[in-house]
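The values are calculated or read from the model by the stated rules, or taken from the named source; none is laboratory data. Here the structure is a predicted model, which means the values were calculated and not measured. Cβ sites come from the backbone with ideal geometry, for glycine too, and all protein chains shown count toward neighbours.
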Amino acid sequence: MGPTANNWEKNLMAMQKACKACKAIYEGNPCPQCGANEPVESFKGKVAVVNPEQSEIATNLKIKKKGSYAIKLG
């Protein structure tokens, strides 16, 4: 039997990390958004930005590129 949805989500979150420099959520190294190699394993909240030029949230979080971002680093 395969993992449950809850276990799958936990495993996915364990693989993801956030960039300390730009808060982008990614897997692997370096950060695909800014190129930094400063991963943070713990983060809270997640926002997906599709159109940063027209997004108030992206403006408030100082996000300039499309992608998934952590709201708060842990």
Go through segment 29-62 and give me each residue that's in contact with a helix residue (DSSP H, G or I) (Cβ under 7 Å, 6 or more places away or on another chain) and among the aromatic types (F, W, Y). none
Scan segment 41-74 for residues that are among the β-branched types (V, I, T) and under 10 Å from the mean Cα position of the chain (by Cα) and report the count. 2
In segment 51-68, what count of residues is obtained for those that are in a loop (DSSP other than H, G, I, E, B) and out of contact with any strand residue (DSSP E or B) (no Cβ under 8 Å at 6 or more places or on another chain)? 6
Within segment 15-39, count every residue that is part of a loop (DSSP other than H, G, I, E, B), among the charged types (D, E, K, R) and either within 20 Å of P52 (Cβ to Cβ) or modelled with pLDDT of 95 or more (or both). 2
Just a yes or no: is a residue in segment 28-41 of a type in the set (S, T, N, Q), touching a Cys at 6+ places or on another chain (Cβ under 7 Å) and surrounded by 13 or more Cβ atoms within 10 Å (Cβ to Cβ)? yes
Spot the failing condition for A48; the list is (1) in a loop (DSSP other than H, G, I, E, B); (2) in contact with a Ser or Thr (Cβ under 8 Å, 6 or more places away or on another chain); (3) exposed (fewer than 13 other Cβ atoms within 10 Å of the Cβ); (4) not polar (S, T, N, Q), and only one is missed. (1)
Positions within segment 27-62 being farther than 16 Å from M15 by Cα and in contact (Cβ under 8 Å) with a residue 24 or more places away in the chain, in sequence order: Q33, V47, L61
So which residues in segment 48-64 are within 16 Å of A18 (Cα to Cα) and at pLDDT 95 or above? A48, V49
